[in-house]
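The next block holds one structure in the form of structure tokens; read it before the comments.
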Amino acid sequence: MYVAQQHAMDRAAALEVARSIGVGQLVSVGEGGLNATFLPFNIIEREGRVVAQFHLNRVNPQWKDAGEAMVIVQGPSAHVSALDFPPERPGAKLPTVPTLNYVTVHLKGTLSIHDDAEWKQAHLTSLVEHFEREWRVGRHTSYELVHAAFAAMVGVELEVAEVIGKAKLSQNLSADAIAQTAQHLRERDASACPVADLMEEIAIPWAKEREGRVEGARRLPIAWGQKEDPRRYVVDYNWLWVDPPSNDGTPAVLRLVLTDGIRTRARVAADAWLAGLPSDGRMRGSGGWAVREARECPHSGAFVVELISAGEDVADGIEAAAEDAYTNLIAGTDLGVRWEQLPREESHK
């Protein structure tokens, strides 16, 4: 699952969301391909490991799947109308359109089977205590009847190796715009109140923190900071978030100009880096960025690479592109490096 920086949840918060919801799609791979079943589950910690426990009907062949698997847990979600957002600004490069705000968690790991009565009893007791306020085995039904049903079920555990949480809650907007959108959403659709609450609890603090970083950047010239290598690019938030057209989704292009070193030829190094990048058949890149153009300047001998990103994650995309270029192309060489931030209004042409 792709998760932009502003949407990422920390592991503890994501696990708590999954634990509190307690239902999700168990996705695995069997002999016939992908299998998925919507199931309740409980999460336990055992010897420092996180384990999600399920049970399947024995006639469901998914319990025979082995190896890697994933649980997809869907949290609150809501359709956000374009009318919920602040009015579209005059001269905007992209339209204000409806979107979906949501929280989701993926638990990835490996499966194991448990077909003993002791495991099933503990698992079902945990599920009942999580989902039922009053109903209990031994009070409202007998243990004998429950144990008789064990023959029809198979226990499954997912030992969790990776927890990925995503909370997409309009973090690309300003704090004031998020507050306004959340209020409109709450007034228009009562069922969207949980998402509106999360926008106020999660997205507004994140936006305020970002605005503080931007304000700090506005008071300082663009700087390389205290990086060991002055050729390393540092994101200019003024360029991406403050100066017109601000963060309206307009593409941003960062131009990398390379010149030969004594030991390293710019074109040879750039060609090797470009060849290692993933390609979709049209452009090379990774995640939220791509290489728009790569060319040699015949007069100067420099080699130019243009890195492009767009959308609400534009800052993350530009940062990731520049870091990839530095780590895998520039670092360890004696190449000459110059970074040029193209005017945003021209970047999409």
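The values are calculated or read from the model by the stated rules, or taken from the named source; none is laboratory data. Note that this is a predicted model, so its numbers are computed, not measured. Cβ coordinates were reconstructed from backbone atoms using ideal geometry, including for glycine residues, and neighbour counts include every protein chain displayed. Side chains are part of the model used for accessible areas, which takes the heavy atoms of the whole protein and leaves out ligands, DNA and RNA. Shrake-Rupley method; radii C 1.70, N 1.55, O 1.52, S 1.80 Å.
Below are the figures for this structure:
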item: Accessible heavy-atom area order of Met153, Met1, highest first, probe of 1.4 Å; result: Met1, Met153
item: Highest average packing first - 73-85, 331-343, Cβ atoms within 10 Å; result: 73-85, 331-343
item: Fraction of antiparallel bridges per DSSP, segment 98-172 only, in percent to nearest 5; result: 95
item: Computed lengthening from Leu34 to Lys208, 0.36 nm per intervening residue step minus Cα-Cα distance; result: 58.4 nm
item: Ala13 paired with Arg58, simple spin-label distance in nm, labels 7 Å along Cα-to-beta-carbon; result: 4.5
item: Rounded accessible area per residue of segment 294-349, 1.4 Å, Å²; result: 43
item: Whole-number accessible area per residue in Å² for segment 58-190, which is evaluated in the context of all protein chains at 1.4 Å; result: 54
item: Gap separating the Cα centres of segment 302-317 and segment 1-71, nearest whole Å; result: 35
item: Between 0 and 90°, nearest 10: helix 117-131 axis offset from the chain longest Cα axis; result: 70
item: Within the accessible area of the chain (1.4 Å probe), percent carbon and sulfur; result: 53
item: Relative contact order, percent, the chain [alpha-carbon distance under 8 Å, six or more residues apart]; result: 16
item: Among [x] 31, 24, 20; [y] 34, 25, 19; [z] 48, 27, 16, the entry that matches semi-axes √(5λ) of the Cα gyration tensor in Å as calculated here; result: [z]
item: Difference of contour (0.36 nm per residue) and Cα-Cα distance, Ala66 to Ser20; result: 13.9 nm
item: Theoretical FRET efficiency, 1/(1+(r/R0)^6), r = Cβ-Cβ of Arg295 and Asn238, R0 25 Å, to 0.05; result: 0.35
item: Stretchable slack from Asp229 to Ala177, in nm (0.36 nm times residue separation minus alpha-carbon distance); result: 14.9 nm
item: Estimated inter-spin distance, Ser112 and Ser286, nm [label 7 Å along Cα→Cβ]; result: 3.4
item: Under 24 Å, Cα to Cα: Lys pairs in the chain, sequence gap 8 or more or different chains; result: 9
item: Segment 2-42, accessible area per residue, ligands and nucleic acids excluded (1.4 Å, Å²); result: 52
item: Rounded FRET efficiency, nearest 0.05, which uses the C-beta distance separating Ser77 from Ala152 and R0 of 35 Å; result: 0.55
item: Sequence-separation-based contact order of segment 1-114, relative, with Cα cut under 8 Å and 6+ spacing, percent; result: 25
item: Degrees between helix 314-325 axis and first principal axis of the chain (Cα, 0 to 90, nearest 10); result: 70
item: Förster radius 25 Å - calculated FRET efficiency between Glu215 and Glu88, Cβ distance, rounded to 0.05; result: 0.50
item: Label zone at Asp271 (point 7 Å along Cα-to-Cβ), backbone N below 16 Å, segment 296-339; result: 296-298, 301-305
